[in-house]
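The values are calculated or read from the model by the stated rules, or taken from the named source; none is laboratory data. These numbers were taken from a predicted model, which means no experiment stands behind them. All Cβ positions, even for glycine, are placed from backbone atoms using ideal geometry, and neighbour counts span all protein chains on display.
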Amino acid sequence: MSDIIGLIFISIGLAFDVFGCLGLVRLPDVYNRLQAATKCVTLGTCSILFGTFIVVGPTQAGMKSLLCIIFIILTAPVAAHAIARGAHRCGVKLAKNSIVDHYQDDKEGENVIN
Amino acid sequence: MNQISEETRFARWLVGAGLFVAVIGLILLRPLPFLFYPDLPYLGFVSRAMYIILLACVLCLFRIFKGPSAADRIVAVDILGIMIVGFCAILTVATERSWYIDIGIAWALQSFISTLALSKYMEGKGFDE
């Protein structure tokens, strides 16, 4: 029974992975791609690892997969934030039909203060 | 980039969506043989799952080759690293050997550090700022 529940978790994770990568291909902008891909693929991989924990049981591999879930949840948003900040600072343009850019206003304020 | 007419864009969208659905249906209905470990407990599920993750990796590679700016490529490399962790997890389910998930942990750590280094390099500043 726990095998079936774990395989269902792994299937949900695979679906999230594939649709995250589809967003990485289809969306028009660096920031939109980052939004889609990072969130979807992080959740999908965490779901795959949790399904691995349920299938394997509390053995060595299961405990290591729980550790890997914690590590991925801690590090993926940091990496995504660093990529977005670096892209905006090195001058990657937004998409044509985007309507607001608050970070640009904040950077102009920084220049006035300094 | 010159202007593309509306019909051409719709035709390209239709071809891409048809290819995507066809490849996923082919993987789910008739997966290629999975030759490394011929007798596994979850052989059908594991082979389908591995080919689906390889399809996602191929989409990431498309973005790496085509991406117009450097930030696109960095995003795609980061996503590829996270997805290889899932690949190692599926190998752990298949073979019940715990060192595959060790490879996954090490790969996640290395991918995180390299992504931070590349984004800081793209920003044009040092680490200590």
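Worth pointing out:
- Output for region B:60-83, where each listed residue is among the hydrophobic types (A, V, I, L, M, F, W, C), surrounded by fewer than 18 Cβ atoms within 10 Å (Cβ to Cβ) and free of Cβ contacts under 8 Å to residues at least 40 places away in the same chain: B:L61, B:F62, B:I64, B:F65
Each row is one residue, and each column tells you yes or no for (1) more than 7 Å from chain A (Cβ to nearest Cβ); (2) at pLDDT below 85.
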site	(1), (2)
B:G67	yes, yes
B:V75	no, no
B:L80	yes, no
B:I84	yes, no
B:L91	yes, no
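Quick grid of which residues meet (1) among the hydrophobic types (A, V, I, L, M, F, W, C); (2) buried (at least 17 other Cβ atoms within 10 Å of the Cβ); (3) modelled with pLDDT of 90 or more:
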position	(1), (2), (3)
B:Y37	no, no, no
B:V46	yes, yes, no
B:M50	yes, yes, no
B:V58	yes, no, yes
B:S98	no, no, no
B:I103	yes, no, yes
B:S111	no, yes, yes
B:M122	yes, yes, no
B:F127	yes, no, no
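- Condition check for A:F16: among the aromatic types (F, W, Y) and in contact with a Cys (Cβ under 6 Å, 6 or more places away or on another chain): yes
- Among the residues examined, B:L32 qualifies as more than 18 Å from the chain's Cα centre (by Cα), loosely packed, with under 14 Cβ neighbours inside 10 Å and touching a residue at least 12 places away in the same chain (Cβ under 8 Å).
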